Structure formats: structure tokens, C-alpha cells
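Working notes for the structure below.
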Amino acid sequence: SALDNNSRIFNVDQTSDGSTFSGMTLTGGRGINDNETGGAIHSQSTLTLADMTLSGNSTGGRAGRGGGIYTTGNLTLTDTTISDNRTEFEASNGGGIHATSGTSLYITDSTISGNSLDWHDSWGGGIYGDTIVITGSTISGNSTSGFHSAGGGGIYGKTVSLANSTVSGNSTSGQISL
């Protein structure tokens, strides 16, 4: 699905718990207002993505979160690519994926690459989450930049488990980067 860069592609509400999306490419989703979340997908429930590509999505307002995906429920990715998504203003987290506190993110046989946060006071260029379990996946080329870029060019998480995965070429830059 390609949009004109001014609206989210999917909004998954709480009544859709347990939804599965598969076999799609989502590109061009964009949130432009302050506190906008999920350029391609905003989910308020448990969601599974299989054999998907989310690329070229963004949030553009202050405190925009999840350039590709924002979720308040558990999220499972299998054989999915999250690439070249971004948040573009201050206090924005999760260029590719933002999973809120108390949720779990399961990533298997997937690629999270080229996602970015392009302003200050932001965390998690590729992934921002609480509990993150990554198996057989690649997290590469993600970045945060700007004053007080607080780290996690590739992954910023409270609890992170990695198995048989590659994490490389991620970066955090800017004055007082942590």
C-alpha cells in the first residue's frame, strides 16, 4: 500500500486482539502531528506480522514514536523486514519499532535495518522496547542522531535476548550521545 505521506496505513484497536497480517508491503505511511505514533501500523493489541515488509514510513511530530510500528500489545515478527523507517522530531523513540513498557517483542528470521531517529532526546534507532527476544535475525545500519541521542542505535531495551542473530553497523551520534 502506498500513501501520499500524510496518514497511517493500519490502526489495530483493542478489539482486534490476536490479529495476523501477512504477505504485504507497507510503505509511505506517515504521522505528521505531535505525539503521532506508528507511521505504518499503530496497534493496541497483540499482533503478528509474517512475511511482511514495512519500509519508508515515518512519524514527523514532536514525541512521534514508531516510524514503522507502534504497539501497546505484544508483537511477533516472522520473516519480516522493517527498513528505512524514521522518526523526525525531538523526543521520539523507535525509528523502526516502538513497543511500550510492559509489552514483549518477538523477532524471528527477520531484518531490522536502515531505520533512524533524526532529532534530539530520542532512543532506539531500530527498536525501542521493554522485553525484546531476537532469534535468527539481523539488526543493522540503524541510527540515532542529535543532541542527547540517548543510545541504542540498533536496539534500546530493558531486557534483550539474542540468539543466532547479527547486530552490526548501528550507530548513535551527536553531542552528549550515550
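In the range 158-178, the residues that are basic (K, R) form Cβ pairs under 7 Å with partners that are at pLDDT 95 or above, at six or more places apart or across chains, as follows: K158/T131. Looking only at the range 100-115, how many residues end up being in a strand (DSSP E or B) and within 9 Å of the chain's Cα centre (by Cα)? So the answer is 1. In the range 140-161, the residue that is modelled with the lowest pLDDT out of those that are over 11 Å from Y128 (Cα atoms) and of a type in the set (G, A, S) is A150. For the range 44-79, a tally of residues being assigned to a strand (DSSP E or B), among the small types (G, A, S) and within 12 Å of the chain's Cα centre (by Cα) returns 2. Would you please name the residue that is modelled with the lowest pLDDT, looking only at residues in the range 8-23 that are part of a loop (DSSP other than H, G, I, E, B) and over 17 Å from the mean Cα position of the chain (by Cα)? Checked the range 8-23; the qualifying residue modelled with the lowest pLDDT is D17.
Tell me, yes or no, whether the range 70-79 has at least one residue that is under 19 Å from S161 (Cβ atoms) and at pLDDT below 85. No, there is no match, as no residue in the range 70-79 is under 19 Å from S161 (Cβ atoms) and at pLDDT below 85.
Considering T27, T20, T37, which residue is hydroxyl-bearing (S, T, Y) and either surrounded by fewer than 17 Cβ atoms within 10 Å (Cβ to Cβ) or at positive phi (or both)? Talk me through it step by step, then tell me what you get.
Details: T27 fails: either surrounded by fewer than 17 Cβ atoms within 10 Å (Cβ to Cβ) or at positive phi (or both); T37 fails: either surrounded by fewer than 17 Cβ atoms within 10 Å (Cβ to Cβ) or at positive phi (or both).
It is T20.
The values are calculated or read from the model by the stated rules, or taken from the named source; none is laboratory data. Here the structure is a predicted model, which means the values were calculated and not measured. Counting neighbours? That spans all protein chains shown, and the Cβs are built from the backbone with ideal geometry, glycine included.
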